[in-house]
Amino acid sequence: MAGSSTATVVRRRTASWWKAERGLTMATTLIQGGTVVSAIGRREADVLIDGESIAAILAPGHAAAYGITPDVVIDATGKYVVPGGVDAHVHMSLPFGGTVSADDFDTGSRAAAWGGVTTIIDFASQTVGLDVRETLAARHAEAAGECHVDYAFHQIIGDVNEESLEAMTYLVENEGVTSFKMFMAYPGVFYSDDGQILRAMQNASESGALMMMHAENGIAIDVLVAQSLARGDSDPKYHSYTRPEELESEATHRAIKLARVAGNVPLYIVHMSASEALEEVSRAQHMGLNVFAETCPQYLYLSIEDHLAQPGFEGAKWVCSTPLRSKHEHHQKDLWKGLRMNELAVVSTDHCPFCMKDQKELGIGDFSKIPNGMGGVEHRMEMIYQGVVMGEMTLERWVETCCTTPARMFGLEKKGVLEPGADADVLVWDPNTKTKIGINDKHHMAMDHSSYEGFEVDGKVDTVISRGRVVVANDSYLGAKGHGQFVKRSLNKYIH
Ligand code: URP
Ligand code: ZN
Ligand code: ZN
């Protein structure tokens, strides 16, 4: 008797102390019975959410022992509880190739939520003659009130001059925009030459910003494109043949050298598709340079033979840059290895969807006029979890490459982890069922086709929580446009 009353007192004191200490004022949600997976391990635990934040990770059943009565209980028995996904490379409403990418901030961020992604990073885009700050303000105006999940921006720099360099520093110091994308490809559109790139890198080196690089030798590619069209080789598959891996690895090498000259500025190579380019990154990392890279699901699963070279104009669906590569080479195997070994730190989607009708069709008879890009923001968590099932990576590495590292890489301090004080962005993942992807199956992007048509993968997005709000549950959408907020970012957490 004496023992049990002591226990009761302890329990009561603990409950009141616990509530007072943590000030549980807003609606509380308890995700119970699941396996919480982080970048470094997994354990049976319950996740307590208070309003918009994670309040505690509790030993199973301990919420009741602390006298906590949550407003909402989510049963995660038999499921994985992981941080909401962070997709660090998406393009909503991007004007490109004579048209505009098909998802806007509303449809694209909603599709992201359907895919277990609770933060997206898009781009403001400065091209020749434009003012950097004005392009950022315009992008804010486009996204404000439209997003279903939280969002941030990188800034594209396409015109290096005194004003734009000054603006880069301003954005880092004042706007929460701490990364800049430049292009060695697309002459006449986004392209910068080596001198311009070096100057921007030197500026970033001073401010602490991260440089992102589209590493393809666009000048050489344009020669190959003209020669291909002159020969009459105009089908979509020539998009890849005119962008050989040598021109990706050469540009990657050059970007790395320029970054070194600029004071070892942190450099992040986007959408890596080729083994030789990965070797350049790996070599730089072994030399101690601050070089990072991402790949995307399309480079891990899709190929010239099975997709880009489909008969007629079908292959246009998969025209993107860097391009899909041959399945008979070693790229996919090497990219999975790179993800395991941390040579590739992040998986993003480079989500840039274009419909076949009226958009991809612009390139009928001339592959160089097919708008570059494909959609996938909804499918990254699914496609990379399949890598876990295939034995290509661990469950923890899935969380690390899709949630935790992109948050750290781009200074999203409250994202990518489940720990007290972090934003309550959570994905409950059901490993016991399957997801069928296709235009008439799971598909919520504003495209008239699916890049992953016919894929049936293991696991399923079960429940998605964005800053404490359940946005997806029981195959229903419960989120709302305008819930997503702009997030200011700090500097890259690997260097600073
Ligand atoms: O094909 C692609 N990747 N389109 C989007 C623009 C870019 O280069 O990231
Ligand atoms: Zn790019
Ligand atoms: Zn992109």
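A few comments on the model shown:
- Percent of beta bridges antiparallel (DSSP, the stretch 84-409, rounded to nearest 5): 5
- Sorted ascending by nearby beta carbons within 10 Å, beginning with the fewest, K493, K434, K414 become K434, K493, K414.
- Per-residue 3J(HN,Hα) values for the stretch 213-230, derived from phi via the Karplus relation 6.51 cos²θ - 1.76 cosθ + 1.60 with θ = phi - 60°, read 10, 7, 9, 9, 7, x, 5, 5, 4, 4, 5, 5, 5, 4, 5, 5, 5, 5 Hz in sequence order (x marks Gly and Pro).
- Residue order, fewest to most surrounding Cβ atoms within 10 angstrom, among I364, I221: I364, I221
- For the residue pairs K414/K488; K317/K369; K327/K436; K237/K317, the C-alpha atoms sit more than 18 angstrom apart in K327/K436.
- Dipole check for the chain: with +1 at the C-beta of Lys and Arg, -1 at the C-beta of Asp and Glu, and the Cα centre as origin, the magnitude is about 1560 Debye.
- For the listed peptides 160-173, 448-461, a ranking on the average number of other beta carbons within 10 Å per residue, highest first, reads 448-461, 160-173.
- Converting phi to 3J(HN,Hα) with the Karplus coefficients 6.51, -1.76 and 1.60 and the offset θ = phi - 60°, the stretch 426-433 yields 9, 10, 9, 10, 9, x, 9, 9 Hz in sequence order, with x at every glycine or proline.
- To the nearest ten degrees, helix 194-207 and the longest principal axis of the Cα atoms of the chain are 20 degrees apart.
- Table column - 3J(HN,Hα) (Hz), the stretch 103-108, Karplus curve with 6.51, -1.76, 1.60, x for Gly and Pro: 8, 9, 5, 5, 5, x
- Neighbour-count ranking [beta-carbon atoms within 10 angstrom, fewest first] of T295, T69: T69, T295
- If you wrap the tightest convex hull around every Cα atom of the chain and split its volume per residue, you get 142 Å³.
- Over the chain, dividing the summed -39,500 (n - 2.57) contributions of all DSSP H runs of at least 4 residues by the number of residues returns a 222 nm mean residue ellipticity of -9000 deg cm²/dmol.
- Rel. contact order, % - alpha carbon contacts under 8 angstrom, at least six apart, the chain: 21
None of the figures in this text is laboratory data; all of them are computed from the coordinates on show. Just so it is clear, the model here is predicted, and its values are computed rather than measured. Glycine gets a Cβ as well: all are built from the backbone with ideal geometry, and neighbour counts include every protein chain shown.
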